[in-house]
Amino acid sequence: MDFYNYYALLYIDDSTVAAGVKEFEEILKRKLAAADLLNSVKVLETGSSGLKDYGIGLSVYPGDIHYGNLSTADIDEIINEHFIKGRVVTRLIVKPPEEQFRTSELGPQDVRLQNRIVLSLSGVIDPENIFEYFAEHGYEAIGKILEEKVSPEKVVGIIKNSGLQGRGGAGFPTGLKWDFTRKAEGNQKYIICNADEGEPGTFKDRLILEGNPHLVLEGMLIAGYATGAAKGYIYIRGEYDLSIKRMEKALSQAYEYNLLGHNLFGSGFSFDIEIKKGAGAYVCGEETSLIESMEGKRGIPRLKPPFPGTHGLKGSPTVVNNVETLANIAPILLKGAEWFRSFGTKSCPGTKVFTILGDVRYTGIVELPMGTTLRQIIYGYGGGMREQRSLKAVHLGGTSGAVFDESMLDIPLDYDSVRNHGGMLGSGAILVLSNTVNMRDYLESVLLFFKHESCGKCVPCRIGTARLYDMVKLLETSDNKELILNEMDKLSETMNKTSFCPLGQSLKFPVQSIHQYFGDEILRS
């Protein structure tokens with residue numbers, strides 16, 4: 001085994017690629033070679049640590065030194081000072097991720113450090129090297145299940161006992177979903193990983209796929225074994241170039257080492273996975289629309305029942321799970337249901353990956369126990385508001401979620417608590433809006449998005465989204481704004497009760513919450 005004086009870790013994700021990290025890496029390696037340092041400095045790639053807005057980042061070990069906002073012009077100084085003379089380049093240092101997220105106006109003692117499960121190896125291992133996943137107990141869960149001949153019923157029972165709920169937004173119990181398909185009759189059953197992720201402001205699944213793709217593959221393997229499925233698909237958003245590349249590499253490696261394919265571990269269990277690229281329709285995040293798209297048809301929702309669990313892809317029993325959901329499976333099987341229940345709340349166990357964006361000091365993703373409050377996330381892990389700005393609103397759960405004011409900052413973020421306060425946790429996106437935002441303008445942008453993304457299948461949504469957008473435009477000049485806001489509430493409520501799928505059903509959350517919390521501002525404008 002080779003030993004190096006320094007290990008230089010580069011964070012590779014779509015944002016750093018856009019910032020030029022690949023060119024940076026190429027020049028860094030070339031200059032290390034010219035300085036005859038390739039035997040003492042090892043350059044490694046990893047996924048995102050979760051932090052954004054720091055451009056090209058480089059962590060150097062030993063020393064745990066984190067450099068950020070780098071350019072190719074900084075390479076000579078890093079090589080000469082750090083790698084040759086052993087002196088840290090102070091001007092380039094940024095705080096490590098765990099310290100960034102600990103920074104808090106409340107004080108560090110009031111904000112728990114992240115409890116990472118699905119992100120535990122993101123920004124740590126090389127996602128394109130299967131041996132690094134092996135070294136962190138990768139594929140041990142499925143290996144143990146097959147070697148010890150654990151029954152599918154017992155595997156499903158462990159997931160049920162863990163209390164894991166779907167992390168795509170609906171929060172449906174994962175073990176119960178698996179059990180429906182396990183018990184369903186069918187010669188062929190399918191597992192589909194929903195990696196479409198079309199919710200604005202949400203990029204958690206992308207970073208999971210880019211940071212630890214084998215964790216998702218192992219979750220799919222376990223789901224296949226538990227339900228009797230022999231085939232899996234990853235339906236991934238077509239724009240996710242790096243995610244697709246890394247999943248393709250992970251699949252190739254898994255097949256190379258006989259972790260996918262026929263008669264795995266000599267157990268008689270066979271499972272294959274392939275990738276299907278989506279075309280960017282928001283509605284395909286809904287499972288039946290996704291299945292229609294996979295079958296080569298227009299991506300529009302199906303009538304339910306029957307549900308995909310018994311009549312899904314090609315009419316066969318199908319489990320559709322979100323990326324984050326599947327990434328929890330192997331850790332639960334390795335460490336147990338009670339371990340998983342030690343995080344979060346009694347009714348909503350485990351952790352949740354939250355996307356923090358908007359007018360906060362630190363944007364990115366964090367993984368925290370269910371029940372963490374908005375205040376802790378915004379003022380702790382987000383570092384509080386940007387300079388000269390104060391908090392006005394928080395749009396929680398993605399565009400289809402409710403918009404709260406600061407009176408709701410102490411809501412525990414779990415499915416039940418948020419629902420009881422008139423919202424939904426959804427994808428876990430937290431968009432922080434400052435006092436510079438006009439709330440009528442913001443509502444207009446939300447409704448324009450839904451008008452554009454409505455598939456048009458049902459009249460309430462097709463006509464309702466267009467009508468709501470027309471009404472919010474009228475608020476600019478009308479002398480009877482209160483009447484218009486009340487009519488918008490009524491229309492969104494009707495859409496909630498009559499629309500065919502969650503797209504039309506969910507508009508009541510942003511429309512009614514903005515009226516409730518910010519109606520006075522709109523009336524005065």
| Once you have the alpha carbon radius of gyration of region 439-524, what is it after dividing by 2.2 N^0.38 Å, with N set to its residue count? | 1.00
| message | Using only the alpha-carbon atoms, what does the chain span along each of its principal axes? Please give whole angstrom values in decreasing order. | response | 74, 62, 41
| task | Go through region 328-371 and name the trypsin sites (Lys or Arg not before Pro) that are in a DSSP coil and have 11 or fewer other Cβ atoms within 10 Å of their Cβ. | result | Lys346
| request: Would you list which aspartates and glutamates come within 16 Å of Lys245, measuring only between C-alpha atoms, while excluding same-chain residues fewer than 8 positions from it? | output: Asp13, Asp14, Glu45, Asp126, Glu128, Asp196, Asp205, Glu210, Glu274
| query | Residues with amide H under 5 Å of Gly350's amide H, sequence separation 5 or more or different chain, H placed in the peptide plane at 1.01 Å from N; which? | reply | Phe343, Gly344, Thr345, Met370
| Given only helices, namely DSSP H runs of n ≥ 4 each adding -39500 (n - 2.57), what is the per-residue ellipticity at 222 nm of the chain, to the nearest 500 deg cm²/dmol? | -11000 deg cm²/dmol
| task | Name the residue farthest towards the positive end of the dipole of region 1-73 from the options Val43, Val21, Asn5, assuming +1 on Cβ of Lys and Arg, -1 on Cβ of Asp and Glu, about the Cα centre. | result | Asn5
| task | Enter the Cα centre distance for the pair region 439-458 and region 176-209, rounded to the nearest angstrom. | result | 26
| message | Give the residue list of GluC sites (Glu not before Pro) in region 7-84 that are DSSP loop and have at most 15 other beta-carbon atoms within 10 angstrom. | response | none
| query | What is the local net charge at Leu468, summed over the other residues whose Cβ is closer than 14 Å to its Cβ (Lys, Arg +1; Asp, Glu -1)? | reply | +1
| said: Taking amide H atoms as placed 1.01 Å from N in the peptide plane, list the residues 5 or more away in sequence, or in a different chain, whose amide H sits under 5 Å from that of Thr373. | reply: Leu413
| query | Assigning unit charges at the beta carbon (Lys, Arg +1; Asp, Glu -1) and nothing else, what dipole magnitude in debye, to the nearest 20, does the chain show about its Cα centre? | reply | 1220
| query | Using the Karplus equation 6.51 cos²θ - 1.76 cosθ + 1.60 (θ = phi - 60°), what ³J(HN,Hα) coupling, rounded to whole Hz, does each residue of region 494-508 give in order, writing x for Gly and Pro? | reply | 4, 4, 4, 8, 10, 6, 6, 9, x, 4, x, 5, 8, 5, 4
| Additional length obtainable on full extension of the chain from Asp76 to Ala18, 0.36 nm per residue less Cα span | 18.7 nm
| message | Can you tell me the length gained on complete extension of the stretch Leu523 to Ala135, counting 0.36 nm per residue apart and subtracting the Cα distance? | response | 133.7 nm
| query | Where in region 335-435 are there GluC sites (Glu not before Pro) that are in a DSSP coil and have at most 10 other Cβ atoms within 10 angstrom of their Cβ? | reply | Glu387
| field | Pairs of lysines in region 288-412 (C-alpha under 21 Å apart; 8 or more residues apart or interchain) | value | 4
| said: Taking a virtual spin label 7 Å from the Cα of Ser40 along the C-beta vector, which residues in region 63-87 bring their backbone nitrogen under 17 Å of it? | reply: 63, 76-87
| Between Lys249 and Ile93, how many nm apart are label points set 7 Å from Cα along the C-beta direction? | 3.1
| Cα gyration tensor category, rounded, prolate or oblate, for region 37-93 with a/c compared to 1.5 | prolate
| request: Taking the Cβ of each residue in Tyr67, Tyr255 as the centre, tally the other Cβ atoms inside 10 Å and list the residues starting with the fewest. | output: Tyr255, Tyr67
| To the nearest 0.05, how large is the calculated FRET efficiency for Thr494 and Asn263 if R₀ is 60 Å and r is the Cβ-Cβ distance? | 0.65
| note | Taking the alpha-carbon centre of each part, the distance from region 275-349 to region 12-79 in Å is 36
| message | For region 375-465, take every pair of Cα atoms, bin their distances at 10 Å starting from 0, and report each bin as a whole percent. | response | 15, 42, 31, 10, 1
| said: Can you compute the label reach from Ala230? Point 7 Å from Cα along the Cβ direction, backbone N cut-off under 16 Å, restricted to region 270-301. | reply: 270-274
| said: Quick check: from the Cα gyration tensor, does region 157-207 come out rounded (a/c under 1.5), prolate or oblate? | reply: oblate
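Quick note: the coordinates plus some simple rules give every number you see, no bench work behind them. Not measured: the values here are computed from a predicted model. A quick note on method: Cβ atoms are made from the backbone with ideal geometry, for glycine too, and the neighbour counts reach across all protein chains shown.
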